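First up is the structure itself, then whatever we jot down about it.
Every read-out reported here was derived from the displayed coordinates using simple, explicitly stated rules and does not represent laboratory data. Here the structure is a predicted model, which means the values were calculated and not measured. Here the Cβ positions follow ideal geometry from the backbone for every residue, glycine too, while neighbour counts run over all protein chains shown.
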Amino acid sequence: MIVDFEQLQFVEVTRTFGRRRALNRVSLTANAGTITALLGHNGAGKSTLLSIAATLLEPTAGSIRYGDHEARTAGSALRSQIGMLGHDLYLYSELSAAENLRFFAKIYRLDRIERRIDAALQRAGLSERRDDQVAGFSRGMRQRLALERALIHEPRLLLLDEPFTGLDEAAREALRARLGGARAAGAIVLLTTHDTAAIESLTDAAVSLVEGQLQ
Amino acid sequence: MKKLFVPITVLAALMFAYAPFMILNAPYESTMGLVQKIFYFHAACGMAMFAAAFVSGIGSAAFLFGRKPSADRMAVAGAELTSIIGLIVLVTGPLWARKAWGVWWQWDARLTSTLVMWMIFNAYLLLRRYGGPGSDRLAAAVALFGMANVPFVYWSVNVWRTLHPKTSVIPSLQPGMRGPFWFCVAAFLLLFTVLLALRTELEKRRQQLDELYLAVEGD
Amino acid sequence: MNRVISKSGNRAIADSADKPAELDRPITGVPDSPITRFIRDVWLVCRKDLLIEARTREILYTTIFFAVACVLVFAFGFVREGRPVQDAAAGILWISIAFSGTLALGRAFERERQGETLRALLIAPIERPALYLGKLLGILILLAAVEALVVPLVALMFQAALFDHAALMLGLLIAGTVGFAAVGTLFAAMLVRARSRDVMLPVLLYPITVPVIIAGVRGTAALLMPEADEPMARAWLSMLVFFDVVFLTLALWTFEPVMTE
């Protein structure tokens, strides 16, 4: 079953953890070919929102629609259209750069895997380090690799949690370009940040979360 | 259900008040004498304990697969009662065993599986308490596995060794003993029902309190 | 646009705005049946774990060492006047397997915690049960390696004739380890994000795997008797297999709801 969609919709989504309300009746819509920024301080609920969009968390109330699909009914096929980059980068440090990419490419059932790996490594500027263990990479190198890993299956929905943190100017520029490319290809990009300068002129929409509520 | 709280509690209290008289008048068991009379409470508690564990297991399954909060409340209440009633069973048992068989403890099927089940539900409570957020789901899985586990423990220890009077002792009870026995069982099951309902209600109030808290601070 | 030389000196970064024309939205490989996909996913996860382990061999070595240390410690506890207490060998063998198995499980999932790779796997389009089975298979292979060392060691140190009835002994070991690991993998996975997970795993695991220990020990002891009681050992083996079937099914069933918060 191939699942695809043109729109991500949050309808009155609430998520509580015991006495803590992380999200309070959040509604937002993001269309294909747009980049939406989620702004807010730490603890405002940005990561929770991303986790819910990634189907890792279930909302306490409200619903999330991926086009006509819902997470529960669409099943694992939906997840092949979702890519996520978290703060912890999701890389296996004992494996090499190429091996990390290869593993995820196979998991996402891609074709022409070796060519995609080569292209991804080239984009990340890691072609010469392809067989080196990730454990030996600098933070910047890991982030570049992690971004390529998240994008290797060219997902429809791209979720990025604080992607600009700790990047130098060159890396930021590269990331901006990469995200622009993804948008041009029709992806729905949702990223969180508390650094408004980094996303200037990149985003099509920005929403602010304050204590779980949209402003 | 709430309306019945008081009448059932009163009934249970009366039954417990009357129970000692029934037990006193019951015939003496031939070999064990007076000590055997612990049996009336011990075995009745055993039944209540299994009822509690059963409730907790079913509630956990309903919570895991149906996501209903009411099921989780029942599961917690059941688990706590399993722990408490289990404690009574595991204390009265050895007290009886010491006099009847000369040892405090024996590794036979009934005792061992009861002990293991008790430990599983204590582990459940520990997990809920110390496991951090999200531990209600995890604990539900533990309860479910615990329930599935009990027949295996029972069977395996049974094959290994048996000393405990088998279940068949109940039908073969002397007629004079059956009355008091079932009376005590009824008393304990009533008590169990009341405690379960109370604890579930308490859990519900706690969740309502959380919701009120959220409502006040949210908007 | 300023010319930017990144730290790696690779100018390819500045060109990343254009996607290579030939790679459009990826199509997946040849569509295959759900079952083939499932088995493939199980193998992918397992292979990844084995690959990582082969690189560092950290869990393998530490678990083996721990198992050997266990056997030694128990030996001091149970050997009297230079001769082992009867039946000690069976008990010591299975307890060492249980203890070292718990350790290996904890370490294996601790690894997934770093880099939060377990999340990446949960977001991927693999079926959750396939993820569970892949991890289970990896653990089983690891424990097989550990047991390959510990069993001869115990046979040696306790003069236990563990190899006389090799087929049954192997059956008990396999069935017992599968049962233990099936429950352990589920619990270790679900505890990854819980507090106090180090102590919670044994607290939860040991009571539930009591039947496995009983069956394993009694079955092994039956084989070690002067006149080996084979029917008894077979009975214990069948119980273990039954346990495995029930609990594997239960674990596969509950893995999804338990891993979704």
(message) Taking the 0 to 90 degree range and rounding to the nearest ten, how far is the long axis of helix C:166-190 tilted relative to the main principal axis of chain C, both from C-alpha atoms?
(response) 50 degrees
(message) With 10 angstrom as the radius, rank C:Met259, C:Met225 by how many other C-beta atoms surround their C-beta, starting from the fewest.
(response) C:Met225, C:Met259
(message) Angle check, please: helix C:197-208 long axis (alpha carbons) against the longest principal axis of chain C (alpha carbons), in degrees 0 to 90, nearest 10.
(response) 50 degrees
(request) List the relative contact order of the range A:93-154 as a percent without decimals, with contacts defined as Cα pairs under 8 Å and 6+ residues apart. (result) 49 percent
(message) Averaged across A:168-180, how many Cβ atoms of other chains sit within 10 Å of each residue's Cβ atom?
(response) 4
(request) In whole Å, largest first, what are the principal axis extents of the Cα atoms in the range A:93-154? (result) 29, 21, 18
(request) With an 8 Å cut-off on Cα pairs and a minimum separation of 6 or more residues, tell me the relative contact order of chain A in percent. (result) 33 percent
(request) Count, for each residue of A:85-95, the Cβ atoms from other chains sitting within 10 Å of its Cβ, then give me the mean as a whole number. (result) 6
(request) Using only alpha carbon pairs under 8 Å that are at least six residues apart, calculate the relative contact order of chain B and give it in whole percent. (result) 31 percent
(request) Could you tell me which helices of chain B pass both thresholds, a Cα extent of 27 Å or more along their own axis and a mean Kyte-Doolittle hydropathy of at least 1.0, with helices taken as whole DSSP H runs? (result) B:5-25, B:39-66
(message) With angles folded into 0 to 90 degrees, how steeply does helix C:210-224 sit against the dominant principal axis of chain C? Use alpha carbons for both and round to 10.
(response) 50 degrees
(request) Sticking to Cα atoms, compute the Rg of chain B to one decimal and its Dmax as the biggest Cα-Cα distance, whole number, in Å. (result) 19.5, 72
(request) Give me the distance between the Cα centres of the range B:1-63 and the range A:158-188, rounded to whole Å. (result) 67 Å
(request) Take A:Asp4, A:Asp168 and order them by how many other Cβ atoms sit within 10 Å, fewest up front. (result) A:Asp168, A:Asp4
(request) Would you please classify the overall shape of the protein assembly as shown from the alpha carbon gyration tensor, given that a ≥ b ≥ c denote the square roots of the eigenvalues, rounded means a/c under 1.5, and beyond that prolate means a/b larger than b/c while oblate covers the rest? (result) oblate
(message) Under the rule of at least 5 residues apart or a separate chain, name every residue whose amide H is placed under 5 Å from the amide H of A:Leu23.
(response) A:Arg15
(message) Strictly greater than 23 Å: what percent of every Cα pair in chain A meets that?
(response) 45 percent
(message) How big is the range A:1-97 along each principal axis, measuring the range of its Cα positions in Å and listing the largest first?
(response) 42, 33, 26
(request) Take the Cα atoms of the range C:32-259, build their convex hull, and give its volume per residue in Å³. (result) 124 Å³
(message) Let me spell out the model: positive unit charges on the Cβ of Lys and Arg, negative unit charges on the Cβ of Asp and Glu, origin at the Cα centre of the protein assembly as shown. What dipole size does that give, in debye rounded to 20?
(response) 1080 debye
(request) Summarise the partner chain shielding of A:33-39 as one whole number: the mean count of Cβ atoms from other chains within 10 Å of each residue's Cβ. (result) 0
